[in-house]
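Written below as structure tokens is the structure these notes are about.
The values are calculated or read from the model by the stated rules, or taken from the named source; none is laboratory data. Here the structure is a predicted model, which is why all the values come from computation and not from measurement. So basically every Cβ, Gly included, is an ideal-geometry build from the backbone, and we count neighbours across all protein chains shown. Heavy atoms of the whole protein, side chains included, go into the accessibility calculation; ligands, DNA and RNA do not. Shrake-Rupley method; radii C 1.70, N 1.55, O 1.52, S 1.80 Å.
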Amino acid sequence: MWPETEFPDRLLIDGRWRDQCSSGSMQLIEPATGQPLCSVPAAGSGEVDEALQAASTAFRNQPWSRLATKQRTTTLSRIAELIREHAESLAVIEARNVGKPIGEARGEVLAGARCFEYYAGAISRFVGETIPLSDSGFDFTMHQPLGVVACIVPWNFPFCMACWKVAPALATGNAVLLKPASLTPLTALALGRLGEMAGLPPGILQVVAGRGSEIGDHLVSHPLVRKIAFTGETTTGTRIMKLAADDIKRVSLELGGKSPNIVFADADVEAAANAAPMAVFGNTGQDCCSRSRIVVEASVYDQFVETMIAATNRLVVGDPLHEETQLGPMVSEGQRKSVEQYIELARQEGGRILCGGERPDRPGCYLSPTIVDGLANASRTCQEEIFGPVACILPFHDEEEAVRLANDTIYGLSGSLWTRDLERALRVARAIEAGVVSVNTNSSVYQEAPFGGFKQSGFGRDLGFEAMRLYTEIKNVFIRVGEVTS
Ligand code: NAP
């Protein structure tokens, strides 16, 4: 098993590494070449049952979940150390499996290490309250783990998304079943291996790859699962929420986005326009936070568009394993075709393709970064999450219109605004209906700060202390002191 072998290509179920499962196997394709990479067993419902039974037993019988925190702190710290020790191998695997540029893949792996470090430290600071009561007695709250947690993650940031969920779930004493996306299971399986090497008790972290269409419903509706932590498409989130309703499972959903990037005329327009391409085309546009609707004040619109096109044309599209590459291929041929259909739709809806919109002349699932203008915000191109390298630019005439355009979407994950006016920055930040807003930058993800959506971008928050609340119940304990009054 990896790191002795090139790829982590087995599943971790009930403390054993499986190289065969009941649903056959999944052939992974390298997006940069279109050639086979390796194959991974596909779990069926039998393996899901086995893993959940093992998780339930581990949760009940292992000291992991009980009050003493030393074991959890030490083990999570050790996982972080192991991620750092194996960072280059993990980054290369991610770059090859997802098509992600190696520099970004390294950043994602180190963010995963930082996530485990943060929650290792947070364990002893995630405290309850003592509450003064009107009655005679002593009242306090404590956080208790939920039990078996299913973490279901997507293919765009496979390692990061896995760490964002697994680290706080383990920190708070749960037993975790991690289900990676079928296209990109490798670094999740590697995380399972690092957990084992760090001394996690068997059954506390299992990694079960399998097709969502085959095992998803079974996993989500299984009576042993107490909570589902999901990141993925809004349509999948809707289905999960419905299934989870039957036995009142806890659910947190990190879903899609169509985030606005508002540029006011009083901003540093050159800085905003030079930053805009990576904010929408980074990770080849396969980013839930992608600032894919760019809303620019009419008086600086032409200047902004010209600068953004020039900056886009400077982006280095290439082999993910080359150091200078900024944009790799899309994750799969299916995803590329889906995005190409949206580019065609943009044309039909009256959009002007200002740059890109074509396949570069090379093998693999590449698509050049595409800027479209001339569309109404009500168009499907402006409303639907394309999840590829396509930016829509729209003009606005005053602040009210900018806010209206920004909020005219079913999504509410993130957004940016660029202005030198502090009062306007605070006013507009408050008015944008999104879980994360950034001013004069497009960065919206910090380990210490909560991350998640408004509206159909989901609910619940990853990262920061907020995430620990998602994996715990709060219990109130009252101790009578003195006379019984009732
Ligand atoms: P997806 O199709 O919803 O899949 C996400 C995960 O759910 C995969 O592991 C998938 O397995 C699994 N799944 C599929 N059907 C299921 C079912 N019926 N029950 C349970 N699990 C099921 O999403 P994706 O295409 O991988 O990822 C892209 C989406 O993720 C975009 O919409 C993006 O915006 C969103 N995203 C959101 C955030 C955020 O923080 N808000 C972050 C990253 C991505 P299979 O792969 O086997 O189908």
Given the structure, is Asp287 in a helix (DSSP H, G or I), at pLDDT 95 or above and either under 16 Å from the mean Cα position of the chain (by Cα) or not hydroxyl-bearing (Ser, Thr, Tyr) (or both)? no
Restricting attention to the stretch 56-99, which residues are outside any helix (DSSP H, G or I) and either touching an Asp or Glu at 6+ places or on another chain (Cβ under 6 Å) or open to solvent by 10 Å² or more (accessible area, probe 1.4 Å) (or both)? Gln62, Arg66, Leu67, Ala68, Thr69, His86
Within the stretch 1-50, considering only strands (runs of 3 or more DSSP E) that don't extend past its boundaries, which have at least 1 residues that are within 24 Å of the chain's Cα centre (by Cα)? 11-13, 25-30, 35-41
Any idea which of Ala111, Ala150, Ala105 is touching a residue at least 60 places away in the same chain (Cβ under 8 Å) and either aromatic (Phe, Trp, Tyr) or in contact with a strand residue (DSSP E or B) (Cβ under 8 Å, 6 or more places away or on another chain) (or both)? Ala150
Return the residues of the stretch 217-231 that are among the hydrophobic types (A, V, I, L, M, F, W, C), more than 8 Å from the ligand (Cβ to nearest atom) and outside any strand (DSSP E or B); say none if nothing qualifies. Leu224, Val225
Is at least one residue of the stretch 87-94 at pLDDT below 95 and among the charged types (D, E, K, R)? no
Among the residues of the stretch 286-310, the number that are within 13 Å of the ligand (Cβ to nearest atom) and of a type in the set (A, V, I, L, M, F, W, C) is 2
I'd like the full set of residues that are touching a Leu at 6+ places or on another chain (Cβ under 6 Å) and among the hydroxyl-bearing types (Ser, Thr, Tyr), limited to the stretch 361-386. Thr381
Which residues, counting only those in the stretch 271-285, are crowded, with 23+ Cβ neighbours inside 10 Å and either under 16 Å from Pro329 (Cβ atoms) or within 11 Å of the ligand (Cβ to nearest atom) (or both)? Phe281, Asn283, Thr284, Gly285
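How many residues does the stretch 406-444 hold that are modelled with pLDDT under 95 and touching a strand residue (DSSP E or B) at 6+ places or on another chain (Cβ under 6 Å)?
1
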Return the residues of the stretch 443-455 that are of a type outside the set (Phe, Trp, Tyr) and open to solvent by 90 Å² or more (accessible area, probe 1.4 Å); say none if nothing qualifies. Glu448
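For residues in the stretch 410-442 being of a type in the set (Ser, Thr, Tyr) and open to solvent by less than 20 Å² (accessible area, probe 1.4 Å), which is nearest to the chain's Cα centre (by Cα)? Let's see the steps before the verdict.
Initially, the stretch 410-442 is screened for residues of a type in the set (Ser, Thr, Tyr), giving 411, 414, 416, 419, 438, 441.
Right, trim to open to solvent by less than 20 Å² (accessible area, probe 1.4 Å) and you get 414, 416, 419, 438.
On the way: Ser414: 13, Ser416: 18, Thr419: 28, Ser438: 18 Å.
The residue in question is Ser414.
This table checks each residue for (1) polar (S, T, N, Q); (2) within 16 Å of Phe159 (Cβ to Cβ).
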residue	(1), (2)
Ile93	no, yes
Arg96	no, yes
Pro101	no, yes
Glu108	no, yes
Arg114	no, yes
Ala120	no, no
Thr141	yes, no
Pro145	no, no
Among Glu344, Glu323, Glu358, which is the only one that is of a type in the set (Asp, Glu), without any contact (Cβ under 8 Å) to a residue 40 or more places away in the chain and not in a helix (DSSP H, G or I)? Glu358
Select from the stretch 38-61 the residues that are closer than 13 Å to Val176 by Cα and touching a Lys or Arg at 6+ places or on another chain (Cβ under 8 Å) and list them in ascending order. none
Under 9 Å by Cβ, and 6 or more places apart or on different chains, what pairs join a residue from the stretch 265-283 that is more than 13 Å from Ile309 (Cβ to Cβ) with one that is open to solvent by 10 Å² or more (accessible area, probe 1.4 Å) and of a type in the set (Lys, Arg)? Asp266/Arg420; Asp266/Arg424; Ala267/Arg420; Asp268/Arg420
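Okay, residues lined up against (1) farther than 26 Å from Gly364 by Cα; (2) among the hydrophobic types (A, V, I, L, M, F, W, C):
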position: Val251; (1), (2): yes, yes
position: Asn261; (1), (2): yes, no
position: Ala273; (1), (2): yes, yes
position: Pro277; (1), (2): no, no
position: Val300; (1), (2): yes, yes
position: Asp319; (1), (2): no, no
position: Gln326; (1), (2): no, no
position: Glu333; (1), (2): no, no
Counting only residues that are open to solvent by less than 10 Å² (accessible area, probe 1.4 Å), within 10 Å of the ligand (Cβ to nearest atom) and either part of a helix (DSSP H, G or I) or hydrophobic (A, V, I, L, M, F, W, C) (or both), the stretch 245-263 contains a total of 1
